[in-house]
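The values are calculated or read from the model by the stated rules, or taken from the named source; none is laboratory data. For clarity, every value in this text was computed on a predicted model and none was experimentally measured. Positions of Cβ are generated from backbone atoms using ideal geometry, with glycine treated the same way; all protein chains shown enter the neighbour counts.
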Amino acid sequence: MSEKSDTKKIILNVKDLSFKNDQYVMDLMRYISETLSNLEITRNAMEVEIKAPKNMSKKTIKLRIKKFLHKKELTNYFRPISITSKEIEGYTVKEKKTIELSYY
């Protein structure tokens, strides 16, 4: 019971990233687990659940997602967006909207 109060759950919605390439999701999970210690990472279909210590900032996870996207050269295509919900704490890795303009 004391273990639950010492940890918090952060959800990553990786639906868009999974549609692009499912291997990116596996690489993201591996990257986060290698760069941050004492995390429990599990995947449930289109969501990645991270159990982190209570004192770890949510922004730390966002920074690791951004670093991963930069490392894989995906910053022009994806970005992490905070989930705005009272029940769920986490991020959604969304595809960036791009506008293609054709000139004459």
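The listed residues are THR84, THR35, THR42, and the only one of them that is modelled with pLDDT of 90 or more, over 13 Å from the mean Cα position of the chain (by Cα) and among the β-branched types (Val, Ile, Thr) turns out to be THR35. If the condition is being outside any strand (DSSP E or B) and without any contact (Cβ under 8 Å) to a residue 12 or more places away in the chain, then the stretch 44-66 contributes ALA45, ASN55, SER57, LYS59, LEU63. Note on the stretch 33-50: residues that are within 14 Å of TYR91 (Cα to Cα) and in contact with a Leu (Cβ under 7 Å, 6 or more places away or on another chain) total 3. Kindly indicate whether SER82 is loosely packed, with under 12 Cβ neighbours inside 10 Å and of a type in the set (S, T, N, Q). No; evaluated as a whole, the condition is false for this residue. Condition check: over 17 Å from HIS70 (Cβ atoms), modelled with pLDDT under 90 and exposed (fewer than 11 other Cβ atoms within 10 Å of the Cβ). Does SER18 satisfy that? No, not satisfied. Looking across TYR91, TYR24, TYR77, TYR104, one residue alone is surrounded by fewer than 14 Cβ atoms within 10 Å (Cβ to Cβ), on the phi < 0 side of the Ramachandran plot and aromatic (Phe, Trp, Tyr). It is TYR104. Of all the residues in the stretch 81-104, those that are farther than 25 Å from LYS67 by Cα and of a type in the set (Lys, Arg) number 1.
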